[in-house]
Amino acid sequence: MKREEPEIYEYLRHKKKFPGVWCAGCGIGIVLGSIIRAIDHLHISKDDVAMISGIGCSGRMSVYVDFNTMHTTHGRALAFATGLKMARPGMHVLVVMGDGDALAIGGNHFIHAARRNIDLTAIVINNNIYGMTGGQYSPTTPQGALATTAPFRNIERPFSTCDLAMAAGASYVARSTVYHARELERLIERGMRKAGFAVIEAMSYCHTTFGKLNRTGSPVDMMRSLQENSVSLAAAAKLEDAEKKNKIIRGVLADHDLPEYTAEYAKIIEDAQAAAGSNVAAAQPERDARLASAQKRRVREEV
Amino acid sequence: MTVTLMQGNAACVEGALRAGCRFFGGYPITPSSEIAELLSRRLPVVGGRFIQMEDEIASLAAVIGASVGGLKAMTATSGPGFSLMQENLGYAAAAEIPCVIVDVQRGGPSTGLPTAPSQGDVMQARWGTHGDHPIIALCPTSVAETYTLTIEAFNLSEDYRTPVILLMDEVIGHMREAFDPDRYGDIEVVDRMTTDVPPEWYFPYDETRAVPPLVSFGEGFRYHITGLLHDQAGFPTYRQDEIEPWWQRVFAKINDNLDRIFMYDEDGIEDARTIVIAYGSTARSAVHAVQLARRRRYKVGLITLKTIWPFHEALIEELAAGAHRVIVPEMNLGQLALEIERVLGRAKVRRVNRVDGELIAPRQILEAIEVA
Ligand SMILES: Cc1ncc(C[n+]2csc(CCOP(=O)(O)OP(=O)(O)O)c2C)c(N)n1
Ligand code: SF4
């Protein structure tokens, strides 16, 4: 079935913020396109979407989109998003991070957001390197690869974003690449539909730093290698372990229905209020505020 | 409520709830943990939310996120956790997000003297995060004042769109005193500012307003928040003509309102030869020391600071103009004294310090008055 093409400009701060900071040919823009198409298919109001990002090339994404956007501190985007989601459980909160952002400095927040299973959609753009700071090795840099801080070779073992997310209890974990932009878009859409912590790893590349150091070629070459080195989950099932070892496995790796954090906390509020016998009185101002804000929005739409 | 015997940390909780705090994100640390424990029980009852985060970095991040979502929000910690919060404290100052950070000070540095009282975080409260930034820090001297200053902390954070630090100390946090919140029934509570302009005209960092209102996420305004220096719309900028007005505005919003922000008590300073300037639990010893000294016919005045940052230079200069000597007792090696010496000159100031985990006794201050 052919999907309808969204007016992508409707979701961008295109008049103000372009051209952007990314290098020509960078994969991050493809992830941006996939995110926007996913949101368009969901038919949700831009007012109800927040994009919270960390620091890095990937983290710059939030400035370009016409949502409620917050560019936070390095590694901490998930913690900022957790507070926002608690305050606004009805909001769709996307969190965009780089591999260093999400897994090195932000690794602790990553596993705990997964463990809590709070309804955030975490998109990790994995280019196997610290792009913004000039090509230092990250927790996903392959062993043996060169980086500006591994001039001989990287001796650290990389870990898998998705294995980590699954082990920590995320309810939805998926992976695709920037070569497979349509698939990525569908995986993001499914992640956003999931009530729970959803992780989508978008395998990308950084031709400017990693590519130059490791002689992996132009963006087109690096794209091609994402195509050649990845297999779908179904195809991977038919491969021997040795064949699978260095492949990027694409698809939905985990999808469970688990209790979601803000929904569980809503029950705590109910229980606490019932116990205090103050159910109605205490809930009233909040309900009024919600009503007022809904009314305001309606008025604006009418104008 | 009637009069109860209440702990300082509990009074902080009562003040926060009264001020409309509806979010707490924190990580346990003595001597502040009672604040988290009590709020975990009390917040859901009023429709608020509590979360114990994985560390203090995440705690303040979540507080900022919740505040952007429209909830009045706070965290509470002690020295080691306050150290971890510094980067996001700077973020809140730069992005101008209202929030309250309670630091119940204990002996430092590092894990230090858990959990003996200290006033060792005075300079960290001012300069702990990198880069120049405006900040407000308040210091209660009693259980009742912990209640009122907690409300003030929330009010100031809303009025000036800034993080506010409530610098308590272990003695104030754990001490119990008779307290009746009904006596403070008329304290005003400042609500989050709203805007009357439509989203297209809304500038979250409007340079024509001293303190532009912060509209919550999800209200249809779709703007950007960043810790990068930003233009009026919140977008990162390197343009001098946009950065300069921002610096001017964020400092002016505090400096032009020193008379409201800088709270203090004065006692008998008109004809005083010696003035004691104290804050926090040390001020309690200072009160006693001044009484003893007056009985011995020394002309002593007392200034008790409730606000230590921003420091009201002009006012302190004026108040201390007639005094021959100024004594600054602190449970640190002389942190606020540095500021007072800067303003009044080193020749005039005498420090009284203690960092062994014990309170400064009235006798210590009295001795300083006698030799002054
Ligand atoms: C606390 C802190 N430490 C270090 C930095 C410097 N820094 C900025 S971006 C970055 C790494 C970016 O790499 P990654 O997260 O993988 O994102 P990418 O740029 O590759 O998209 C670092 C180390 C910072 N901004 N803050
Ligand atoms: S440095 Fe690398 S990751 Fe960053 S924009 Fe350029 S190509 Fe993309």
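Structure notes:
- Per-residue ³J(HN,Hα) for the stretch B:114-131, Karplus 6.51 cos²θ - 1.76 cosθ + 1.60, θ = phi - 60°, Hz, x for Gly and Pro: x, 10, 6, x, 6, 10, x, 9, 4, 6, 5, 4, 7, 10, x, 8, 7, x
- Using R0 = 35 Å, the C-beta based FRET efficiency linking B:ASP241 and A:THR149 works out to 0.40.
- The stretch B:143-226 - percent relative contact order, Cα under 8 Å, separation 6 or more: 29
- Distance (nanometres) between label positions extended 7 Å along Cα→Cβ at A:GLN227 and B:THR194: 5.5
- Pair-distance profile P(r), taking every C-alpha pair of the stretch B:99-145, with 5 angstrom steps and integer %: 5, 16, 26, 24, 18, 9, 2
- Summarising the amide proton neighbourhood of A:VAL93: residues at separation of 5 or more, or on other chains, whose placed amide H is nearer than 5 Å comprise A:ALA50, A:THR121.
- With R₀ fixed at 25 Å, the C-beta to C-beta distance from B:ASP271 to B:GLU370 puts the FRET efficiency at about 0.85.
- Set A:LYS17/A:LYS212; A:LYS194/B:LYS72; A:LYS17/A:LYS267; A:LYS16/A:LYS267; A:LYS194/A:LYS247; A:LYS85/A:LYS212 screened for pairs whose C-alpha atoms are more than 31 Å apart: A:LYS17/A:LYS267; A:LYS16/A:LYS267; A:LYS85/A:LYS212
- Burial ordering of A:MET166, B:MET331, B:MET53, fewest other beta-carbon atoms within 10 Å first: A:MET166, B:MET53, B:MET331
- Each of the GluC sites (Glu not before Pro) that DSSP puts in a loop and that has at most 11 other Cβ atoms within 10 Å breaks chain A; the longest unbroken stretch is A:8-239.
- For chain A, the relative contact order is 16 percent, taking Cα pairs closer than 8 Å that sit 6 or more residues apart in sequence and dividing their mean separation by the residue count.
- Stretching the chain fully between A:THR216 and A:ARG193 yields a gain of 4.7 nm (0.36 nm per residue, less the alpha carbon separation).
- Sequentially through the stretch A:15-28, phi angles give Karplus couplings (6.51, -1.76, 1.60; θ = phi - 60°) of 6, 8, 10, 10, x, x, 8, 6, 5, 4, x, 5, x, 4 Hz, Gly and Pro residues having no value and appearing as x.
- Annotation: amide H of A:SER53 within the under-5 Å range of A:MET70, A:HIS71, A:THR72, A:VAL96, sequence separation 5 or more or interchain, hydrogens built in the peptide plane.
- Amide H to amide H distances under 5 Å link B:ILE327 with B:ILE275, B:VAL276, B:ILE277, B:ARG350, where only residues 5 or more positions off or on other chains count and H is placed in the peptide plane.
- Alpha carbon centroid spacing (whole Å) that separates the stretch B:139-187 from the stretch A:229-274: 45
- What the phi angles of the stretch A:109-124 give under the Karplus curve with 6.51, -1.76 and 1.60, with θ = phi - 60°, is a coupling list of 5, 4, 5, 6, 5, 5, 4, 6, 6, 7, 6, 10, 9, 9, 10, 9 Hz, glycine and proline written as x.
- Computed FRET value (nearest 0.05) for A:ALA237 with A:GLN136, which takes r as the C-beta separation and R₀ as 45 Å: 0.80
- With 10 Å bins from 0: P(r) over chain B, alpha-carbon pairs, percent: 5, 24, 32, 24, 11, 3, 0
- Summarising the strand pairing of the stretch A:8-259, around 20 percent of its internal DSSP beta bridges are antiparallel.
- In this simple spin-label approximation, B:THR208 and B:ARG363 carry label points 7 Å from Cα along the Cα→Cβ vector, and these lie 6.5 nm apart.
- The loop-placed chymotrypsin sites (Phe, Trp or Tyr not before Pro) in the stretch A:125-158, going by DSSP, that have at most 14 neighbouring Cβ atoms within 10 Å of their Cβ come out as A:PHE152.
- Summary value for chain B: 16 percent relative contact order, contacts being C-alpha pairs under 8 angstrom separated by 6+ residues.
- At 1.306 mPa s and 10 °C, Stokes diffusion of chain A via Kirkwood alpha-carbon radius, µm² per second: 78
- In a simple Cβ point-charge model (Lys, Arg +1; Asp, Glu -1; nothing else charged), the protein assembly as shown has a dipole of about 1120 debye relative to its Cα centre.
- Along its principal axes, the protein assembly as shown has C-alpha extents of 94, 61, 47 angstrom, given from the largest down.
- Prolate/oblate/rounded call for the stretch B:175-237, Cα gyration tensor, a/c under 1.5 rounded: prolate
- Dipole axis of the stretch B:4-184 (+1 Lys, Arg; -1 Asp, Glu on Cβ), positive-most option in B:ILE151, B:ALA66, B:GLY81: B:ALA66
- Antiparallel bridges, percent of DSSP beta bridges restricted to chain B (to nearest 5): 25
- Paramagnetic reach from B:VAL3 in the stretch B:181-213 [backbone N under 16 Å; point 7 Å along Cα→Cβ]: B:181-184
- When each of the peptides B:342-353, A:170-181 is scored by how many other beta carbons lie within 10 Å of its residues on average, the order from highest to lowest is A:170-181, B:342-353.
Where a number appears in this text, it was derived from the coordinates with a stated rule and is not lab data. What you are looking at is a predicted structure, and each value in this text was computed from that prediction instead of being measured. Neighbour counts are summed over all protein chains in view; Cβ atoms, including those assigned to glycine, are modelled from backbone coordinates with ideal geometry.
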